[in-house]
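**Q** One structure, as structure tokens, below. Some questions next.
The values are calculated or read from the model by the stated rules, or taken from the named source; none is laboratory data. Owing to the predicted nature of the structure, the values given are computational and were not obtained by experimental measurement. Backbone-built Cβ (ideal geometry, glycine too); neighbour counts: all protein chains shown.
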Amino acid sequence: MLERLSQHQWTIVNTLPLVYMATCAFYSLFIMTTPPFPFKLVIPAAYIAAILIPITSQFVWPATPIFAWLITFFSARFIPSSNRPGIHVALLPALESVLYGANISDLQTRYTNAVLDVLAWLPYGVLHFVLPFVVALVLWTVGPKGAVQFWGRAFGWMNLIGVCMQVLLPCAAPWYEIIRGLTPADYSMPGSPGGLLRIDRVFHSSGYTNAFGSAPLVFGAFPSLHSGCAVMEALFLSHFFPNLKPFYWGYVGILWWATMYLSHHYLIDLTGGACLSVVMFYSLMPEAYKDADQIDWTRVLPSEGYSMVAGGGRGRGEELDLDEEIRKLEEVGEGDDMVDDEEAQIEGVGSGNGSKGGNGGGHAAGEEHKLKSKRSVSWGETKIMGEDGLDQRIGDRSEVDGADR
């Protein structure tokens, strides 16, 4: 790792993100009171040790934006209230009514029952925390090499920027409007599980009540990181494995319904989280991945800092290069044959057997020419014409060659 740092070319573009993450992390450590000093120094010490060890640095370093997001989110509870901006209570419902003509999230909470509660809880309270690891595992095992690093960067930056937006623009969730109306809010108010309170009753527990009551960001409704994570997962899987696109985006739709049904987000929150994911996905995408149809799953691209792994067969670029090499070899071979034919004719004339030697040489040259005509078929012709079409074309070439002779 130290050798890489010494060889790294520092520019404004690649330095500013590191400065931003370091600023978030150091400020979070500074205001953190749990764990207290000096025990909280174990966090940066463990991170530095992990990036210095080669076997762990290959996983920890690409996940740096994720760690920066986690520590920023955890430490948000320690920000002094005097340093925080005012809480917006009426902003989101007003925007929802203006943009969509009604309070869509309020309409989703009009009818509830135990079955719908469980159906909403599964994507919101279970799959939301499991699927990021599943997507990372899929990209690492069967995706192009470098895809999991791309996932770590995009996923981490989306969440980090989202948390910073929630801190700088605190907004009340729908559950606040249901409980307290549009009365002004302050940071001393505890959070609420909203519709997840019914899940606590189903399981005879108080897990969600305790978790949301002591949440680091009580007023972090906008943007919705539940929506951001789901959209990011759908974008990655749709880009690299497009066969199941309806399934990926169907999950996004169900999660959107679940967040509104459980009174945790307005539709405008979900839209904001989705837009944030789209921006991060396409702005951080390596050049080698921008055309999904041209991704070379076997070729190493050092110029992008990313390389592909085996798992998808030979890419188009490799086929074209191989075809070009075959043609070059055939051109060289045909040139050598012409020289050999001229030498054979000269030798035949010198030995007095020009007629016989000429006929024999012509016959041999014809056989070689027929073989070379067979070899000159390109890989592209094979794909377009098929084997039967190629046999017919080779036969036509042979007839033309026979007529010429």
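**Q** Can you name the residue in segment 109-121 that is farther than 17 Å from Ser224 by Cα and under 34 Å from the mean Cα position of the chain (by Cα) and is also surrounded by the fewest Cβ atoms within 10 Å (Cβ to Cβ) among such residues?
**A** Val115
**Q** State whether one or more residues within segment 239-262 are closer than 22 Å to Leu217 by Cα, not in a helix (DSSP H, G or I) and not aliphatic (A, V, I, L, M).
**A** no
**Q** So, of the residues in segment 197-225 that are assigned to a helix (DSSP H, G or I) and either surrounded by 23 or more Cβ atoms within 10 Å (Cβ to Cβ) or among the hydrophobic types (A, V, I, L, M, F, W, C) (or both), which turns out to be farthest from the chain's Cα centre (by Cα)?
**A** That would be Val202.
**Q** How many of the residues in segment 176-196 are crowded, with 18+ Cβ neighbours inside 10 Å and touching a helix residue (DSSP H, G or I) at 6+ places or on another chain (Cβ under 9 Å)?
**A** Number satisfying all stated conditions: 8.
**Q** Please identify the pairs in which a residue from segment 252-266 that is among the β-branched types (Val, Ile, Thr) has its Cβ atom under 7 Å from the Cβ atom of a residue that is surrounded by 24 or more Cβ atoms within 10 Å (Cβ to Cβ) and assigned to a loop (DSSP other than H, G, I, E, B), counting only partners at least 6 apart or on another chain.
**A** Once the first residue is among the β-branched types (Val, Ile, Thr) and sits in segment 252-266, its partners that are surrounded by 24 or more Cβ atoms within 10 Å (Cβ to Cβ) and assigned to a loop (DSSP other than H, G, I, E, B) give Thr259/Ser224; Thr259/His265.
**Q** Further, regarding this structure: Could you count how many residues in segment 34-57 are in a helix (DSSP H, G or I) and either over 26 Å from Phe150 (Cβ atoms) or outside the structural domain of Val19 (by TED's automatic domain parsing) (or both)?
**A** Summing the residues that are in a helix (DSSP H, G or I) and either over 26 Å from Phe150 (Cβ atoms) or outside the structural domain of Val19 (by TED's automatic domain parsing) (or both) in segment 34-57 gives 5.
**Q** Cβ contacts < 9 Å: first residue more than 16 Å from His265 (Cα to Cα), restricted to segment 96-122; second residue in a helix (DSSP H, G or I) and at pLDDT below 90, any location; separation 6+ or different chain. Result?
**A** Matching pairs, first to second residue: Ala114/Val202; Val118/Val202.
**Q** Also, quick follow-up: Here are some conditions: (1) part of a helix (DSSP H, G or I); (2) under 19 Å from Leu91 (Cβ atoms); (3) acidic (Asp, Glu). Glu233 meets all but one. Which one does it not meet?
**A** Every condition holds for Glu233 apart from (2).
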